[in-house]
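The values are calculated or read from the model by the stated rules, or taken from the named source; none is laboratory data. What you are looking at is a predicted structure, and each value in this text was computed from that prediction instead of being measured. Positions of Cβ are backbone-derived with ideal geometry, glycine not excepted, and every protein chain shown enters the neighbour counts. Surface areas here come from the heavy atoms of the whole protein model, side chains and all, with no ligands, DNA or RNA. Shrake-Rupley method; radii C 1.70, N 1.55, O 1.52, S 1.80 Å.
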Amino acid sequence: MESKREDRIQRLLLALKKTDKIHLKEASLLLDVSEMTIRRDLNSAPAPVILLGGYIVMDPKNSPSTHYFVSEQKMRQIEEKRRLASRAASLIQNNDTVFFDCGTTMPYVIEKIAEDCVFTAICYSLNTFLALQEKPHCEVILCGGAFKSSNSIFTPIGRSSELDFIRPSKAFISAAGVSIEHDVTCFNFDELLMKHQAIERSAQSILVADSSKFDQVRPAAIAPLARFNVVVSDAEPPQAYIDFCDQSDIPLLV
């Protein structure tokens, strides 16, 4: 039985060399076993592949990923995201027009917005949109386009987006890396169009990043750290960032 399990895991490893993730149903067809059998294979003992959000992916602990999946990231730094959420949400006032970036931090921020707050929200990701639906006095504008399942965003398929016609008072921008020398960065290039446009069109750009993101550099460049008006995190970053924000007159809220 154990040799059969190992054989199935090896076949999954081979399949993952060709793609980033395999849906559980596809894996079941590939291996000609039930989905329950695959679940047992992955849960019975440590394996180089794991099940995340219905998808089989390489275990990040064994193979650090250069890709971003919402299903994986939503289980990381949960407490840190919760700690910074209240501080970030306190910046939203009645009648604000607010852009919310994609990522797994934004739903925590939205959850902490006061229930009686009246505001307009612009977003382009599915998980952010669903979180905003829970706010009774929020008018939501969803920027549409082609849907990208890995990071749950919609990307414009034409030359314009809804954001072309809106001037947000605040833009909450998420990031996967924050560096003084190498700028604020993220994993996915297909997020850059909306991030750049939101920063350009908003009166105030607010970087929301938990403390694990500092001194990290990812491939897609969002903007220099100095381009942001406010930085919100769950804990104080390294001293160099405290000094930089102080010298650049950027409030650092923790």
Lone unmet requirement of (1) in contact (Cβ under 8 Å) with a residue 40 or more places away in the chain; (2) closer than 18 Å to SER212 by Cα for HIS182: (1)
Residue that is surrounded by the fewest Cβ atoms within 10 Å (Cβ to Cβ), among those in the range 179-191 that are out of contact with any Ser or Thr (no Cβ under 8 Å at 6 or more places or on another chain) and under 23 Å from PHE244 (Cβ atoms): GLU181
Test: residue in the range 132-152 that is touching a Phe, Trp or Tyr at 6+ places or on another chain (Cβ under 6 Å), surrounded by 16 or more Cβ atoms within 10 Å (Cβ to Cβ) and aromatic (Phe, Trp, Tyr): no
Residues satisfying the stated conditions in the range 16-51, i.e. modelled with pLDDT of 85 or more, assigned to a helix (DSSP H, G or I) and aliphatic (A, V, I, L, M): LEU24, ALA27, LEU29, LEU30, LEU31, MET36, ILE38, LEU42
Count of the range 153-169 residues which are under 22 Å from SER90 (Cα atoms) and open to solvent by 20 Å² or more (accessible area, probe 1.4 Å): 2
Scan of the range 1-33 for residues that are open to solvent by 60 Å² or more (accessible area, probe 1.4 Å) and small (Gly, Ala, Ser), ordered by number: SER3
Of the criteria (1) more than 20 Å from ALA88 (Cβ to Cβ); (2) surrounded by fewer than 16 Cβ atoms within 10 Å (Cβ to Cβ), which one ALA221 fails: (2)
Matching residues, the range 130-167, being without any contact (Cβ under 8 Å) to a residue 24 or more places away in the chain, part of a loop (DSSP other than H, G, I, E, B) and closer than 25 Å to ILE113 by Cβ: GLN133, PRO136, HIS137, GLY144
Pairs, first under 12 Å from GLY54 (Cα atoms) and free of Cβ contacts under 8 Å to residues at least 12 places away in the same chain in the range 30-44, second open to solvent by 40 Å² or more (accessible area, probe 1.4 Å) and in a helix (DSSP H, G or I), C-beta under 7 Å, six or more apart: GLU35/LYS25
Number of the condition not met by PRO107 [criteria: (1) open to solvent by less than 30 Å² (accessible area, probe 1.4 Å); (2) not in a strand (DSSP E or B)]: (1)
